[in-house]
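*Asks:* Okay, handing you the structure first.
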Amino acid sequence: MTYRRSTLALAVLSLLAEVDHEEQPGMHPYKMQRLMKDRGKGEVVNVGQRASLYRTIDRLHRKALIEVRESSREHNRPERTLYALTDEGRAVWRDWMLDALAAPTREYPEFLAAMAFVPLLEPAEVAEQLEKRHANLATELARLDTQIAASGEWGRLFALEMECMRATTAAELDWVESVIADLHSGSITWTKEWLAAMAATHAGQGFTPRGGPGKGAEAPSS
C-alpha cells in the first residue's frame with residue numbers, strides 16, 4: 001500500500017518510534033506537540049496548529065500505521081489517548097526516513113515561482129524587493145547562528161537540521177546578493193520592447209527563453 005508522506009506525519013511516526021525505543025506504552029497528541037516545540041522542531045515541522053496534528057494522527061490511524069494503546073478521561077478534562085506504532089507503521093517510518101535522507105525531492109517554493117516571472121516587473125522594482133529579502137535573510141542567518149550556539153551543549157547531532165537551514169540560508173543570501181549586483185550593474189536587465197522582440201523570435205515559448213540574454217539573443221542596453 002502507498003502512504004502519503006508529509007513532514008508532520010514523519011515527525012509523528014518518529015516520536016512514536018522514540019516511544020518504542022524507550023519501551024514506553026505510547027504518547028498522546030498534546031505531548032507530541034509540546035515535545036516538538038520544546039525541542040525546537042517547529043523550525044522544520046509545522047506544529048503550530050493542533051488541528052493539523054490531530055488530522056495527521058487520524059489519517060495515520062485510519063491507515064493502520066498507528067494504533068490506540070490506551071484511552072482515558074479524568075474528570076472534565078479532554079480524553080487522553082495514547083498512540084503507538086503498529087508493525088506496518090514501524091516499517092513505513094523506516095522507509096520514509098531512509099528515503100527522505102537519500103532522495104532530494106522537487107519542491108515548489110513561492111519565491112522561485114515569483115523569480116520565474118520577474119520580467120513582468122521593472123528591473124529597479126525587482127532589485128528593491130530583493131534588497132529587502134537580502135536584509136531578511138541576513139536577520140534569519142543571525143537568528144540561526146544564535147540558535148545553533150545555544151544548542152551547543154547537546155552536541156552537533158542535535159543541531160544538524162539547524163545547520164542545514166543555516167547552510168541553505170547562507171547560500172540563498174549569497175545568490176540574492178549576486179542578482180542584486182547584476183541588476184544594479186545592468187548585467188541583468190530588460191525592457192518591454194526587448195521582451196516583445198524575444199517573444200516574436202521564440203514564438204510559443206513566452207518571454208523567458210531557456211538560453212536567456214547573451215545566448216542566441218542580444219540583451220537590451222541599460
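*Asks:* Can you pull the Rg over Rh of the range 64-134, Cα-only, Kirkwood? Can you show the working numbers first?
*Replies:* On the way: Rg = 23.7 Å, Rh = 17.4 Å.
Reported Rg/Rh, Kirkwood definition of Rh: 1.36.
*Asks:* Now for a different question. I'd like the distance between the alpha-carbon centres of the range 86-158 and the range 1-28, rounded to an integer number of Å.
*Replies:* A separation of 23 Å, based on Cα centres.
*Asks:* Based on the Kirkwood radius over alpha-carbon pairs, what is the Stokes-Einstein translational diffusion coefficient of the range 19-129 at 4 °C with 1.567 mPa s viscosity, in µm²/s?
*Replies:* D = 74 µm²/s.
*Asks:* How long is the gain from A200 to S178 if the chain were fully straight, where each residue apart is worth 0.36 nm and the alpha carbon distance is subtracted?
*Replies:* 5.0 nm
*Asks:* Something else about it: List every residue whose amide H lies under 5 Å from the amide H of I66, counting only residues 5 or more places away in sequence or on a different chain, with H placed 1.01 Å from N in the peptide plane.
*Replies:* For I66, whose amide H was placed from the backbone, the distant partners under 5 Å are H61, T86.
*Asks:* Identify, among V45, M115, A102, the residue whose Cα sits farthest towards the positive end of the charge dipole of the range 1-156, taking +1 on the Cβ of Lys and Arg and -1 on the Cβ of Asp and Glu, with the dipole about the Cα centre.
*Replies:* Farthest along the dipole direction, towards plus: V45.
*Asks:* Do you know the relative contact order of the range 1-90, to the nearest whole percent, from alpha carbon pairs under 8 angstrom that are 6+ apart?
*Replies:* Relative contact order here is 35 percent.
*Asks:* For a test of the definition: using alpha carbon positions, the gyration tensor, and the 1.5 limit on a/c, classify the range 1-41 as rounded, prolate or oblate. If you can, show how the numbers build up before the last one.
*Replies:* Details: a/c = 2.17, a/b = 1.23, b/c = 1.76.
Oblate, since a/c reaches 1.5 and b/c is not below a/b.
*Asks:* A further question on this structure: With viscosity set to 0.890 mPa s at 25 °C, what whole-number translational diffusion coefficient in µm²/s follows for the range 140-198 from Stokes-Einstein and a Kirkwood radius over Cα pairs?
*Replies:* On the way: Rh = 14.1 Å.
Taking Rh from Cα pairs, D becomes 174 µm²/s.
*Asks:* How much accessible area per residue does the chain have, in Å², with a 1.4 Å probe?
*Replies:* Dividing the accessible area of the chain by its residue count gives 67 Å².
*Asks:* Enter the angle in degrees (range 0 to 90, nearest 10) between the Cα long axis of helix 50-62 and the first principal axis of the Cα atoms of the chain, meaning the one along which they spread out most.
*Replies:* 70 degrees
*Asks:* Can you give me the pair-distance distribution of the chain, C-alpha pairs, 10 Å bins, whole percents?
*Replies:* 7, 23, 24, 18, 16, 9, 3, 0
*Asks:* Determine the relative contact order of the chain: mean sequence separation of Cα pairs under 8 Å and six or more apart, normalised by residue count, in whole percent.
*Replies:* On the way: 175 pairs, mean separation 34.4, N = 222.
In percent, rounded to a whole number, it is 16.
*Asks:* Another question, then. How many Å³ per residue does the convex hull of the Cα positions in the range 95-190 occupy?
*Replies:* Here the figure is 114 Å³ per residue.
*Asks:* Starting from the range 105-178, pick out the chymotrypsin sites (Phe, Trp or Tyr not before Pro) whose DSSP state is loop and whose Cβ has at most 14 other Cβ atoms within 10 Å.
*Replies:* F117
*Asks:* Further question on the same structure: Loop by DSSP (not H, G, I, E, B), at most 15 other beta-carbon atoms within 10 Å: where is the longest site-free stretch of the chain for trypsin sites (Lys or Arg not before Pro)?
*Replies:* For trypsin sites (Lys or Arg not before Pro) (loop position, at most 15 other Cβ atoms within 10 Å), the longest site-free span of the chain is 107-209.
The values are calculated or read from the model by the stated rules, or taken from the named source; none is laboratory data. Just so it is clear, the structure is predicted and the values come from calculations on it, not from any experiment. So basically every Cβ, Gly included, is an ideal-geometry build from the backbone, and we count neighbours across all protein chains shown. Please note that ligands, DNA and RNA were not included when accessible areas were found on the heavy atoms of the full protein model with its side chains. Shrake-Rupley method; radii C 1.70, N 1.55, O 1.52, S 1.80 Å.
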